Structure formats: C-alpha cells, structure tokens
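Q: First, the structure itself, so that you have it in front of you.
The values are calculated or read from the model by the stated rules, or taken from the named source; none is laboratory data. Everything numeric in this text was worked out from a predicted model, so none of it was measured. Here the Cβ is made from the backbone with ideal geometry for all residues, glycine too, and neighbour counts use every protein chain on show.
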Amino acid sequence: MRTKFTSIFFGLLASSTVHSITLAGGNPAEPIIPGEVIVRADSAETLATTLATLAADFVNVGVVDQITGRPIYLISYGLTGAQTPQDVATRIDALIAARTIPWGELNYVGQTGEGKTDSLWLSGVGFSAETFANQYAVPMLGIELAHERSRGAGVVIAVIDTGIDASHPVFNGRVSPAGVSFVPGSPSSGDVGDSIDNDGDGLVDEQVGHGTFVAGLIHLVAPEATILPVRVLDSDGNAGTFQIARALAWAVDRGAHIANMSLGETYRSQALEDVVGEAQTRGVAVFGAAGNSNTDDPREFPACDGSATGVSALDWNDVKAPFSSFGDRIDLAAPGHTRLKKGVPVPSQSIVGPVPGGGYAAWFGTSFATAFTSGTAALVRAQHPEWPSKSVPAGLIRYTLTATLGATGVAVDATNPVYAGLLGQSRISAFGAVDVGPPAPPLGDLDLDGGITAVDLSILLEAWGPTPNGHRADLDASGDVGAADLSLLLYAW
C-alpha cells in the first residue's frame, strides 16, 4: 500500500541517473534488468545459433518468453567471474554484424514519468465527482461541446499501464472485462499493489492508481469508448522493455483502435519500435507521454518514435508545465499541470481523476496530457467507422488523427517563445477536432445509419457468440457478443 497518503505529499523530486549498458539506443537513464536480453530471430535456425553463441560464454541461457506471433524473444543469461552485461552486448553485436539476427538488446526498465520523479497523487482535499467533471481541462478543451458530435462510441482504447479499478463508479461499465495482466505473479488487470518497494526508492506502491487515473481522464473525454485494461506496470510503475512491447502487441491483436502509453524509457528499444511500427501499419494509433524531466535529451520512447504520437504537458494558461519534457519529436500538447498553493492543489487549476476505491485525487504529469489526447483522438476515430478506407488506409490512421488534432488545436508558440516548435503542433481542442468531421454514430448503431433500430438488433443477434477482434457488435470489447452487449444496445435504443 502507499505509505504517504496520510499527509499531503505531492513532490516532484529529481530522479538520480543510473549508468547502464547500451547496445543501440543512445544513452539511457534507466537501469537494465539483469540476466535478460531481447533478440529478433526470424527462423528457428537463427534462434538456435543465437542461443548456442551465448551458451558458449554464459550460463543459464534459454528462451524465457516470446511476443506472441512475432519472432521477438526474451532470453535469459547468467554471468560468471568478472563477466558483465557489456560482455553479453559484445556477443549480440557480433551476431548482428554476422547478419545472424537483425537486432538484439538488453532488457531495460520502462516506467511512468511520475514514477521516475516520485510524483504521487494527492487525495483528501475535497475532490469529488463534480470536481472531476468540471476541472479546468473540460472547458479548455471544449469537451462538452465536442460531445454533441462524438462521444467515442465504437472505439476501443487500450490503457497500457498499472491496471484499472473497473469498479470505480465513474466508468459506468465502459471498462472491458477482457483486460489482461503481464505483471508476473499477478493475473488481475485491476489497479492493485503488492506492498513491496520493488524499485528501492523508499516508496511502496507509489504508482497504484496511475492506470485508473489515466483511464478516468480518457473516459471523461470519450465516455462511450470502451477502455481495455492492459496491466504491464507493477505497483511502483515499472516494467521491462520486452514486457511493454508484448503488452502493446497484445492490444494490437485484441482489436484496440488506440493505445495510450503514459509511460516511457530513454533507451530506444528496437523491440518496442518494431511493435509500435506494426501498430501503425495495422491502424492502431499509439500515444506516448513526453516525460517529466524538463528536457529534450535524452528523449522518451515511445513518445519520440516516428510511428507514435508524443504529447507534452501545459498548464491552464497554455504555458509549458515546468516538468514537461519537450523536443522536435513531440507532436501535440495538452493540459497536464496542477497548481499547488502551500503544498495543496488548487481545485480550479488541478488535473483531477479517479483513484482506486471510488475516490478522486489531483495529479500532474505528461501521462495525463497523453490521456486527454488519446480521448480526443477517440472522438475523431468514432466519427470515421469506415476507416480503414481507400482514402485513409490503415497505415495512415494514426497520422490522420494526429494531423487533425494538430490542425484544429490552439497555437502555443506565442505563450512559450523559448519552446517554440518543441511542444507539438498545437494544444489539442476536442471541440475543434470533432467540428471538422461528421457526427459520430451513437453506441449501438451497428448499421451506421445514424439511429438504433431493429436492424441493429438483428446484426447483434447474428453476431452472437465469440467474435473477431474489433467487431462492432461487441459493444463491451469482451471478445464475445452476448447479454451484456444486448443490454447496452437496448439501453441506447
């Protein structure tokens, strides 16, 4: 459980730099996961050669896991004597040079930007459902006006995070029951702690609530979208590169339209880049947080990946949040800052979201700017159920969404002259984004004629049972058209 909730604690502490080994990803600040290396081996023969090469010099070499359907493997190794991970890197580099494998890398730690800087949510100061619904980002983004044209119906948003407390009343049944957990030893997709200081920073379960908070902001913007919980970060907000890439691959295979990744790492992982690139090719838009280190070097990934959309954070005046990272690879900006007065958040200038147990809290970070952006993208995506189409093929959906949000947002260079061109094309506007598209079909409109009739009921009944991923009749994104979907359709009739 979190250890500092009984008193007001909302600090943004400077994180210490951990010197780590790099194979091909710049100068990462995150540590490696000892004894793990990731490789891409495109055949059984190359995998066998890779294992044999490593086994000749190291102990306990073997395949630990594979990203389903992809030739990307997590391999274990053990060191003896004076060996170091750099020795493993050297062997992998030799395999790459020999063209045995296209790439290989050590498994680094990725985490929430808030976890990196020990930023915690703050409750106990009067935040409520009303405060949540009326926070400054709502009028700033024109969310209520946007809902007159789209509420996100038919869009599935994967929240790749610490899990989600689906029982929180704010979600009103819009969290898919088909969530998954990639956290070892914890099969629940809920947002729960393990009462262990996993990262040794003196805090226990400090990022419990992160996924719930992020999902709540997405739901605030796109209340009829379905949120798919993909729990990959532990309760301290950490996970390995391989695990994060595997979680994204699962979301892509599961039929998500949008993947919210309010996390990152400064190591430019080829494994994650491969899967992010695949997501874009298959029409899945990935949104990543720029990071909370107030820097443009090192960059955060996947936010700065060319196949993902990176998001920086602003305050209520469209001024860069003091913690927000920036750079020429950032695409968009959104509100993400909370004002503190004598250590207490000012409700009218706070980012407010749900936290496990039914309550609400304030937080700040680029994670939450990313959530607002993913939600806004879902509104636009819902306006175009025909995608992919001849004019917007799958590989251009993310680009089109990002371009739409950028072109319809509010210019912020004038309010941020020092960071001109480094915070994204614009600060998003939910109303502006949906105003250039057609009204979105309502939830349950399966024939896309603008209403819900017996024809829609017939389509749902014909699809009854297990369905392909992304079937529009699967209204709760459970992977099965059944009584729950029928109930949702009848309710919307």
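Q: Kindly evaluate residue 359 against the criterion of being surrounded by fewer than 23 Cβ atoms within 10 Å (Cβ to Cβ), within 18 Å of residue 424 (Cβ to Cβ) and of a type in the set (Gly, Ala, Ser).
A: In short, no.
Q: Restricting to the range 129-151, and then to whatever is of a type in the set (Asp, Glu) and either not in a loop (DSSP other than H, G, I, E, B) or not assigned by TED's automatic domain parsing to the domain that holds residue 223 (or both), can you tell me which residue is farthest from residue 172 (Cα to Cα)?
A: 144
Q: Could you list, in sequence order, all residues of the range 365-406 that are touching a residue at least 24 places away in the same chain (Cβ under 8 Å) and among the aliphatic types (A, V, I, L, M)?
A: 369, 371, 377, 378, 379, 380, 382, 394, 397, 401, 405
Q: Within the range 309-325, track down each residue that is closer than 17 Å to residue 352 by Cα and outside any loop (DSSP other than H, G, I, E, B).
A: The answer is 313, 314.
Q: What residue, of 327, 283, is at pLDDT 95 or above and under 21 Å from residue 29 (Cα atoms)?
A: When all the criteria are applied, what remains is 327.
The rows are residues; the columns are (1) more than 23 Å from residue 174 (Cα to Cα); (2) in contact with a Cys (Cβ under 8 Å, 6 or more places away or on another chain); (3) aromatic (Phe, Trp, Tyr).
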position	(1), (2), (3)
306	yes, no, no
329	yes, yes, no
358	no, no, no
362	no, no, no
368	no, no, yes
376	no, no, no
382	no, no, no
401	no, no, no
408	yes, no, no
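Q: Check off (1) crowded, with 24+ Cβ neighbours inside 10 Å; (2) among the hydrophobic types (A, V, I, L, M, F, W, C); (3) touching a Lys or Arg at 6+ places or on another chain (Cβ under 8 Å); (4) not in a strand (DSSP E or B) for residue 276 and give me the number that stays unchecked.
A: (3)
Q: Moving on. Just give me the residues in the range 190-237 being surrounded by 24 or more Cβ atoms within 10 Å (Cβ to Cβ) and either on the phi > 0 side of the Ramachandran plot or among the polar types (S, T, N, Q) (or both), in sequence order.
A: Across the range 190-237, the qualifying residues are 207, 209, 212, 226, 235, 237.
Q: Just give me the residues in the range 213-236 being under 29 Å from residue 36 (Cβ atoms) and more than 12 Å from the chain's Cα centre (by Cα), in sequence order.
A: Matches in the range 213-236: 234, 235, 236.
Q: Give all pairs with beta carbons closer than 7 Å in which a residue from the range 198-216 that is free of Cβ contacts under 8 Å to residues at least 60 places away in the same chain meets a residue that is assigned to a loop (DSSP other than H, G, I, E, B); count only pairs at least 6 apart in sequence or on separate chains.
A: Close Cβ pairs satisfying both conditions: 198/234; 198/236; 211/162; 211/163; 211/164; 211/191.
Q: Let me ask something else. What is the residue count in the range 384-401 for residues that are buried (at least 23 other Cβ atoms within 10 Å of the Cβ) and either part of a loop (DSSP other than H, G, I, E, B) or not charged (D, E, K, R) (or both)?
A: Looking only at that region, the number is 2.
Q: OK, next. Here's a check for you: in the range 150-167, which residue that is over 21 Å from residue 236 (Cα atoms) and of a type in the set (Gly, Ala, Ser) is surrounded by the most Cβ atoms within 10 Å (Cβ to Cβ)?
A: 152
Q: Would you be able to say whether some residue in the range 446-457 is within 29 Å of the chain's Cα centre (by Cα), crowded, with 20+ Cβ neighbours inside 10 Å and either small (Gly, Ala, Ser) or under 30 Å from residue 142 (Cβ atoms) (or both)?
A: Yes, the range 446-457 contains at least one residue that is within 29 Å of the chain's Cα centre (by Cα), crowded, with 20+ Cβ neighbours inside 10 Å and either small (Gly, Ala, Ser) or under 30 Å from residue 142 (Cβ atoms) (or both).
Q: Within the range 25-38, can one find any residue that is modelled with pLDDT of 95 or more and over 18 Å from residue 83 (Cβ atoms)?
A: Yes, the range 25-38 has at least one match.
Q: Among the numbered criteria (1) charged (D, E, K, R); (2) touching a residue at least 40 places away in the same chain (Cβ under 8 Å); (3) assigned to a loop (DSSP other than H, G, I, E, B), which one does residue 447 miss?
A: Of the numbered conditions (1) charged (D, E, K, R); (2) touching a residue at least 40 places away in the same chain (Cβ under 8 Å); (3) assigned to a loop (DSSP other than H, G, I, E, B), the odd one out for residue 447 is (2).
Q: Among the numbered conditions (1) over 23 Å from the mean Cα position of the chain (by Cα); (2) among the aliphatic types (A, V, I, L, M); (3) in the same structural domain as residue 219 (by TED's automatic domain parsing), tell me where residue 430 comes up short.
A: Of the numbered conditions (1) over 23 Å from the mean Cα position of the chain (by Cα); (2) among the aliphatic types (A, V, I, L, M); (3) in the same structural domain as residue 219 (by TED's automatic domain parsing), the odd one out for residue 430 is (1).
Q: Is there a residue being out of contact with any strand residue (DSSP E or B) (no Cβ under 8 Å at 6 or more places or on another chain), assigned by TED's automatic domain parsing to the domain that holds residue 218, part of a loop (DSSP other than H, G, I, E, B) and of a type outside the set (Ser, Thr, Tyr) anywhere in the range 360-373?
A: Checked the range 360-373: no residue is out of contact with any strand residue (DSSP E or B) (no Cβ under 8 Å at 6 or more places or on another chain), assigned by TED's automatic domain parsing to the domain that holds residue 218, part of a loop (DSSP other than H, G, I, E, B) and of a type outside the set (Ser, Thr, Tyr).
Each row is one residue, and each column tells you yes or no for (1) among the aromatic types (Phe, Trp, Tyr); (2) farther than 19 Å from residue 370 by Cβ.
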position	(1), (2)
264	no, no
276	no, no
281	no, yes
287	yes, no
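Q: So, residue 95, is that one over 22 Å from residue 301 (Cα atoms) and either of a type in the set (Ser, Thr, Tyr) or over 24 Å from the mean Cα position of the chain (by Cα) (or both) or not?
A: So residue 95 fits the description; yes.
Q: So, one more: Condition first: part of a loop (DSSP other than H, G, I, E, B), closer than 30 Å to residue 485 by Cα and not β-branched (Val, Ile, Thr). Now tell me which residues in the range 180-226 satisfy that.
A: 182, 186, 187, 188, 189, 190, 191, 209, 222, 223, 224, 225
Q: Tell me which of these residue 427 doesn't satisfy, since it passes every other one: (1) touching a Phe, Trp or Tyr at 6+ places or on another chain (Cβ under 6 Å); (2) crowded, with 22+ Cβ neighbours inside 10 Å; (3) farther than 24 Å from residue 282 by Cα.
A: (1)
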